[in-house]
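The structure appears right after this line, and notes come after that.
The values are calculated or read from the model by the stated rules, or taken from the named source; none is laboratory data. In this text, all values refer to a predicted model and were calculated from it rather than measured experimentally. FYI the Cβ positions are ideal-geometry reconstructions off the backbone, even for glycines, and counts take in every protein chain you see. Side chains are part of the model used for accessible areas, which takes the heavy atoms of the whole protein and leaves out ligands, DNA and RNA. Shrake-Rupley method; radii C 1.70, N 1.55, O 1.52, S 1.80 Å.
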Amino acid sequence: RVVVDEDGLKFLVNFTDYLDTGLFMDHRRTRARIRRAAKDRRFLNLFCYTGAATVHAAAGGARTTTSIDMSRTYLDWARSNMEINGFRGEAHRFVQADCLQWLAEDDGERYDLIFLDPPTFSNSKRMQREFDVQRDHVALIRSTLERLAPEGLLLFSTNFRRFQLDREAFADLAVLDITRATIPRDFERDQRAHHCFEIRLAR
């Protein structure tokens, strides 16, 4: 693993052993956005991968962070990323779980800032059912909103290039497409590198 710098933070990347390096470059601006929004907030990172967004939230002054992923390898990686930036202790929780199942088993905890960046498709044997982001995004977002505090913010993102948000299904919510604002300059030729939305409970 090699240590790289992003906005003054350190991240472990691996250029040889995995399909992905451990740091999604198209989400640099998204992570910076999370950092700016995190102060004194309870942060939840679903499908957390290597926890890069969690590091930014902690650096932004998040009161607590909770990072959830089904992969023990990625959770250990996320913990290492947090530790090399000096973030340790009970305020930072790492949970190995199927995010869909975890959301269904509501423990009563609520979060002020949530980052939801699910895979495009998954049929892992460790999941109770296969997941398709286009087909299942409404149910997933609704389940996630059950964990959002009344004044909270949900950032939903997907790398599915042909993704279409079902706006009718969210007519009762405040939804803002922030995709353009989150695409870094070196990805400007590919405006579909990801889709990203701010979602709030309508007042």
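Residues in the stretch 43-119 average 35 Å² of solvent-accessible surface per residue, probe 1.4 Å, ligands and nucleic acids excluded. Return, ordered by residue number, the residues of the stretch 49-68 whose backbone nitrogen is under 18 Å from a label point located 7 Å along Cα→Cβ of V3. Those under the cut-off are 51-52, 55-56, 59. Ordering L165, Q101, G89 by Cα displacement along the dipole of the stretch 82-183 toward the positive end leaves L165 in first place; charges were set at the Cβ atoms of Lys, Arg (+1) and Asp, Glu (-1). Full extension of the chain between D132 and R185 yields a length gain of 16.2 nm, computed as 0.36 nm times the residue separation minus the alpha carbon distance.
May I ask you to give the percent of accessible area on the chain that is carbon plus sulfur, with a probe radius of 1.4 Å? Before the final figure, lay out each step's value.
Values: 4800 of 10360 Å².
Roughly 46 percent, rounded to a whole number.
Average accessible surface for the stretch 139-188: 53 Å² per residue, computed with a 1.4 Å probe over protein heavy atoms with every protein chain in place. From the Kirkwood radius over Cα pairs of the stretch 42-139, Stokes-Einstein at 20 °C and 1.002 mPa s returns a whole-number translational diffusion coefficient of 155 µm²/s. Sorted from longest to shortest, the spans of the Cα atoms of the chain along the three principal axes equal 44, 41, 36 Å. In the stretch 126-203 the Cα-Cα distances spread across 5 Å bins starting at 0 as 3, 14, 24, 23, 18, 12, 6, 1 percent of all pairs.
Using 0.36 nm per residue of separation minus the Cα-Cα distance, give me the extension gain between E168 and R203 in nm, one decimal. Mind showing how you got there, number by number?
Values: separation 35, 0.36 × 35 = 12.60 nm, distance 1.76 nm.
Net length gain for the segment: 10.8 nm.
Sorting 175-188, 151-164 by average packing, meaning the other beta carbons within 10 Å per residue, from highest down gives 151-164, 175-188. Each principal axis of the stretch 33-75 carries a Cα extent, and these read 28, 14, 11 Å when sorted largest first.
Remark: the stretch 74-82, residue by residue, has Karplus-estimated 3J(HN,Hα) of 5, 5, 5, 5, 4, 4, 5, 4, 5 Hz, where x stands for each Gly or Pro and the curve is 6.51 cos²θ - 1.76 cosθ + 1.60 at θ = phi - 60°.
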